Amino acid sequence: MATDLKGSHTKHGSARPWYQRRRKLLRPRRARGVLGWWARLRYVVWAWWVWAAAAAAAVFFDRSNTGLGLAAWGVVAYLFAPRERSPTYGLEHDFGIESDEFLSTIAGATGTHFLPDNSFDIYNNGDEFYPAMADAVNGAEISITIEAYIYWAGDIGLLFAQALAAKAREGVYVKILLDYVGSSSVGDEVLELLELSGCEVRWYNPVRWYNLGMINNRTHRKSLIIDGVTAFTGGAGIADHWMGNAENPEHWRDINVRLQGPVVQTLQTGFARNWLQTTSEMISGSNFYPPCEKFGDLSIQSILSSPETGSSTVRIMYYLSIACARKSILIANPYFVPDNVAIETLIEAKKRGADVKIMLTGKHNDVRITRYNGIRLYGRLLEAGVEIYEYNRTMLHHKFMVCDGIWSTIGTTNFDNRAFALNEENNVCLYDRTVAAEFERIFADDLPACDRVTLEAWRGRPLWQKVCEAAASLLKDQV
């Protein structure tokens, strides 16, 4: 005989607790980053299908020239529109960075685990990191791999080319992957020296008619990997403006870090994937992936971010870290163009009582359109009490964040949509109070070179600048 479950529950007055729990889980949630009218207009401007439909209509009404122009813009919109979006749900967390849940959540959400037995060293400015990098190259015994957004002609470019060429002539495997756009200024002298010595130099995503669909995907990574066990990464490429000690506008402020240990294999994986995509050659064996050795006591996570995966793992890491911070958030980044989700998440952190400070490049920013986009967005953050500082000694180019005095991340990723949604990037993350304290000290040491942005000054900026900011905002998702 069939059982009437509904009747039996009603008869005995039971409340069906499993259903109530499900309803609780499925209760409406507030979406973050709801688009305003200007953002929706920007979306239409970059929606290729809108222009394709308009072009078809123009041709239908015998406006062929107009249709051709609309179709051309539709192609541009298709090529340059980002394919990845911010999460709008799931950033409400009742656990903090110091809870047991945080590390497992970061590892699970990014798909990247923490690897033990590593060492980690911080180098400030070219006077520190270039000698350390050159020493590592000179000491290479088996292999050297380089993935670089910027490798330019000049004194430091030639110095590294000579060292790399010497190692190639000794029989060391030297493989160099340069971004076709970022490293276009490398120059014939450097390229000829590298290639004639036996170094393998290849170009990531060259601009070709058959490759236009990938034109906006650049490798922004900066990795130098020696023998598969030592790696350098951070904000700096290989160019003369990184030399010196950030003493004037001709010498940039930046940080590179040295990693030794098992975590280096993850950075090698990032290089190997893009090398395979570019050359169809698979890198394998102990020449590039030697057995793991213990170099220190640190567990480190190395995150590789790529639009090919469909979501930005570095964006996920940043947003989760901010959402879980309870005491403090320090962000130092040259290109800061947060979306609405990031702005709301930072404001909520401030409301929770976290001390939120953001250090950005000021008047020496080398990408004016990015600076205008960033300044336009200061208002809501300043109103909430977030402290914003502009570094005005020279171009500040390092990219790190410290949360609650224990969680740190540094790498190649700018805090903008280009980095999150369009570029190949990498960041390393550490859960260690000593490392976090060192980054906090660096942040404090840089503050005297900054000017604090006040809400009154931001509101009083000239009309011509506001007009420039509004025009620049049409490209917000592309910078």
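The residue list Pro448, Phe336, Thr394 was ranked by how far each Cα lies along the charge dipole of the chain toward its positive end, using unit charges on Cβ atoms, and Phe336 comes out on top.
Counting beta carbons within 10 Å around each of Trp49, Trp203, Trp152 and listing the fewest first gives the order Trp49, Trp203, Trp152. Whole Å is fine, so just give me how far the alpha carbon centre of region 359-434 lies from that of region 220-268. Taking the Cα centre of region 220-268 as reference, the centre of region 359-434 is 17 Å away.
Projecting the Cα positions of Phe120, Met359, Ser104 onto the charge dipole of the chain (unit charges on Cβ atoms of Lys, Arg, Asp and Glu, taken about the Cα centre) puts Ser104 furthest along the positive direction. Against the chain, whose longest principal axis is taken from its Cα atoms, helix 155-169 shows a tilt of about 70°. Sparsely packed loop sites in region 144-224 (the GluC sites (Glu not before Pro) outside DSSP H, G, I, E and B with at most 15 other Cβ atoms within 10 Å) comprise Glu170. Summing Cβ point charges (Lys, Arg +1; Asp, Glu -1) relative to the Cα centre of the chain gives a dipole of roughly 3100 debye.
Could you pull out the GluC sites (Glu not before Pro) across region 273-382 that fall in loop regions by DSSP (anything but H, G, I, E, B) with no more than 13 other Cβ atoms inside 10 Å?
Passing sites in region 273-382 are Glu281, Glu293.
Simple rule: put +1 on each Lys or Arg Cβ and -1 on each Asp or Glu Cβ in the chain, find the dipole, and look at Gly69, Leu191, Gln478; the Cα lying farthest toward the positive end is Gly69.
Let's see if you can work this out: charge +1 on each Lys and Arg Cβ, -1 on each Asp and Glu Cβ, no other charges. What is the dipole magnitude of region 133-239 about its Cα centre, in debye to the nearest 20? Let's see the in-between values first.
On the way: 8 positive and 12 negative charges, 86 e Å.
Here region 133-239 has a charge dipole of around 420 debye.
In a reduced charge model with +1 at each Lys and Arg Cβ and -1 at each Asp and Glu Cβ, region 58-190 shows a dipole moment near 860 debye about its Cα centre.
Readers should treat all values here as calculations from the given coordinates under stated rules, not as data from a laboratory. These numbers come from a predicted model, not from an experiment. Glycine also receives a Cβ, built like all others from the backbone with ideal geometry; neighbour counts cover every protein chain displayed.
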